[in-house]
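The values are calculated or read from the model by the stated rules, or taken from the named source; none is laboratory data. Computed from a prediction, not measured in an experiment: that's the story for all the values here. Positions of Cβ are backbone-derived with ideal geometry, glycine not excepted, and every protein chain shown enters the neighbour counts. The protein model used for the area step is the full one, side chains on, heavy atoms only, and it has no ligands, DNA or RNA in it. Shrake-Rupley method; radii C 1.70, N 1.55, O 1.52, S 1.80 Å.
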Amino acid sequence: MAVCAADCEKRLEQQKEKDVLVLAVETSCDETAASVVKNGREVLSNVIFTQIALHTQYGGVVPEIASRKHIEKINQVIEEALVQAQATLKDIDAIAVTYGPGLVGALLVGVSEAKAISFAAGIPLVGVHHISGHISANYIEYKELEPPFICLVASGGHSHLVAVKDYGVYEIIGMTRDDAAGEAFDKVARAIGLGYPGGPKIDRLSREGNPDAIPFPRAKVGENEYDFSFSGLKSAVLNYLNACRMKGEAYSQADVAASFQKAVIDVLVEHSLHAVRAFGYDKFAIAGGVASNSSLRTAFEQECGKRGIRFYRPSPGLCTDNAAMIGAAGYYEFRKGVRSGYDLNAVPNLKL
Ligand code: KG4
Ligand code: ZN
């Protein structure tokens, strides 16, 4: 009896210590991505087929084209992720897939693929929220990071201030009332003739401009001090450009880019650090495509430094859409016992 108990205990211990490999799939927008992640923190492979070049000629993502390209690429990307990780499906403990929010047709490709593999290979399926993935990119970059912390998620579709209370346990404390931060970057870039995708182009051009040249507004939103609004800023930029054109005056593209960017960053920094203080946390993280912005990273570095707040920022490649972040988030859901059924569906407006 004693031998058996010791034996069982040992087996349980071994099970606890066994590495958990998650195969993750992400197709919510215009990146077809797959990754193998070990124990939620170690990236064994991170394959991304980006469709940016395809959509550039249309000035933005064309949903139908995105879905078709995902179908064309998904098998190849998953195979590549397994090969690079030196793994086969036999080694995989769970399949994590983004099931929302995002473009419905694009999401469906990843969800259907993940369900098919799960069914065929008998591997548990875990549906993951895209924003939870963005936040979890921080766990990959910082092996020591643990909740609680405040995270600013700023991407093409979202601008959320989130209190991360535990793994996968979130409280949204602020969000945008209109445009997402990335959306504002993309729209302003188009207006000044930089094209798609606007964020990285404004980031680069801003280095040559004066951020204090044009006093664009910093929007305050009524009742919730943590909410954002970027549509007024976008309109102010468009009005400025129109006024210049009407007067026949040339404007500096770089000054407009730098002044707009500064206006966005000022608001993001102010609201975020206010939230960190109010919650009494000493850790702050950023996530999402806009988090790869170089001036935003510098601004947060400086401001967090002044206040003694530990600042976490995933490397730029983990800020924009990828599957490794979905693998990290999926791991913690899997550990909690979350399993999705074969009725898992794409939910384009999925709430966090
Ligand atoms: O997270 P992401 O890859 O996709 C979504 O989930 O939306 O974010 C894409 C957004 C785009 O709006 C893009 O213009 C913006 O992130 N972005 C940037 C930068 N790189 C990407 N915005 C500002 N500066 C950047 N360097
Ligand atoms: Zn995203």
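Averaging over all projection directions, the Cα-based convex hull of segment 183-241 occupies 4.5 nm² in the image plane.
Note on the chain: GNM, Cα springs under 10 Å; of Thr32, Thr98, Thr176, the largest mean-square fluctuation is that of Thr176.
Given a cut-off of 32 Å, name the pairs among Lys306/Lys336; Lys262/Lys336; Lys69/Lys283; Lys73/Lys201; Lys201/Lys247 whose C-alpha atoms lie farther apart than that in the structure shown.
Numbers: Lys306/Lys336 37 Å; Lys262/Lys336 41 Å; Lys69/Lys283 39 Å; Lys73/Lys201 27 Å; Lys201/Lys247 27 Å.
Over 32 Å Cα-Cα: Lys306/Lys336; Lys262/Lys336; Lys69/Lys283.
Values of log10 I(q)/I(0) for the chain across q = 0.11, 0.15 Å⁻¹ run -0.74, -1.24, by the Debye formula with one identical scatterer at each alpha carbon and no solvent. Taking other residues whose beta carbon is less than 15 angstrom from the beta carbon of Leu318, and scoring Lys, Arg as +1 and Asp, Glu as -1, yields -1.
How much length, in nm to one decimal, is gained on full extension between Lys220 and Asp343, taken as 0.36 nm per residue of separation minus their Cα-Cα distance? Walk me through the intermediate numbers first.
Values: separation 123, 0.36 × 123 = 44.28 nm, distance 4.22 nm.
Contour length minus the Cα-Cα distance gives 40.1 nm.
Quick check on the chain: helices-only [θ] at 222 nm, where DSSP H runs of length 4 and up contribute -39,500 (n - 2.57) each and the sum goes over total residues. Nearest 500, please. Show your work: numbers first, answer last.
Working: 12 runs with 166 residues, N = 352.
So the calculated ellipticity at 222 nm is -15000 deg cm²/dmol.
What's the carbon and sulfur percent of the chain's accessible surface, probe 1.4 angstrom, rounded to a whole number? Carbon with sulfur: 53 percent of the solvent-accessible area.
Considering only Ala96, Ala258, Ala328, the mean-square fluctuation computed in a Gaussian network model of the chain, springs between alpha carbons under 10 angstrom, is largest for Ala258.
Identify the trypsin sites (Lys or Arg not before Pro) of segment 17-119 meeting these criteria: DSSP loop state and at most 14 other C-beta atoms within 10 Å of the C-beta. Write down the numbers at each step before the final one.
Working: sites: Lys18, Lys38, Arg41, Arg68, Lys69, Lys73, Lys90, Lys115; in loops: Lys18, Arg41.
Filter output for segment 17-119: Lys18.
In this structure the chain gives 44 Å² per residue of accessible area when probed at 1.4 Å with all protein chains present. Counted by Cβ distance under 13 Å from Ile286, the other residues give a net charge of +1, where Lys and Arg count +1 and Asp and Glu count -1.
Using the alpha carbon gyration tensor of segment 147-315, what are the three equivalent-ellipsoid semi-axes (square root of 5 times each eigenvalue), largest first, in whole Å?
29, 15, 14
In summary, the helical segments of the chain meeting the span-like criteria, namely a full DSSP H run, a Cα extent along the axis of 24 angstrom or more and a mean Kyte-Doolittle hydropathy of at least 1.0, are 104-121.
Taking Cα pairs under 8 Å and at least six residues apart, what relative contact order does segment 147-315 come out at, in percent? Write down the numbers at each step before the final one.
On the way: 318 pairs, mean separation 45.5, N = 169.
Computed over segment 147-315, the figure is 27 percent.
Ser136: net charge of surrounding residues, Cβ under 11 Å, Lys/Arg +1, Asp/Glu -1, itself excluded? Don't skip to the end; give the middle numbers.
Values: positive: Arg41; negative: Glu141, Glu333.
It works out to a net charge of -1.
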